[in-house]
Amino acid sequence: MSQTEGARLFREAWIAGVHQHFPGEPKAGYVTPWEDTPQWEREAAGAVYEQVRQFVELSGGRTSRLTREQRGRFVATCWTAQMFKHFDAPKPGYVADWTELPAWQQETDIDIFDAIEKTLS
């Protein structure tokens with residue numbers, strides 16, 4: 001899968017997770033379709049996809065043995081690094097630590113890891 005296809009997979013998994021886990025009606029920006037996603041966000045999604053892909057492959061496919069929280073934390077940490085790459089002063093919510101993220105976002109990050117991992121097995 002190319003990095004662009006991986007970025008789309010990331011975005012689709014994010015949107016699916018938001019629809020499944022967000023309490024109430026999500027902000028429009030949370031579920032913006034790929035075609036309308038800003039370029040910086042596409043690049044960040046592609047980078048995180050690539051980091052998860054490499055992590056799974058370099059771990060010999062044993063990432064399935066990680067806890068749900070460990071998988072989600074990995075996605076969240078990779079995303080945080082991208083926010084620092086793309087913004088000089090990112091919003092605090094963009095770079096919040098795992099324990100500060102709302103439960104719906106934690107669950108969505110776990111779903112993203114699992115979606116990427118599934119395509120590699």
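Derivation of every value follows stated rules applied to the coordinates shown; laboratory data play no part. Owing to the predicted nature of the structure, the values given are computational and were not obtained by experimental measurement. Cβ coordinates were reconstructed from backbone atoms using ideal geometry, including for glycine residues, and neighbour counts include every protein chain displayed.
Observations
- Calculated mean projected area of the Cα convex hull in nm² (choose from [x] 7.2; [y] 6.4; [z] 9.8), label: [x]
- Legend: ranking of residues 10, 84 from fewest to most surrounding C-beta atoms inside 10 Å; resulting order 84, 10.
- Loop-located trypsin sites (Lys or Arg not before Pro) across the stretch 1-48 with a Cβ neighbour count of 16 or fewer within 10 Å are 27, with loop assigned by DSSP.
- Fewest-first ranking of 9, 58, using other Cβ atoms within 10 Å as the exposure measure: 58, 9
- Cβ-defined net charge surrounding residue 76, 13 Å radius [Lys, Arg +1; Asp, Glu -1]: -3
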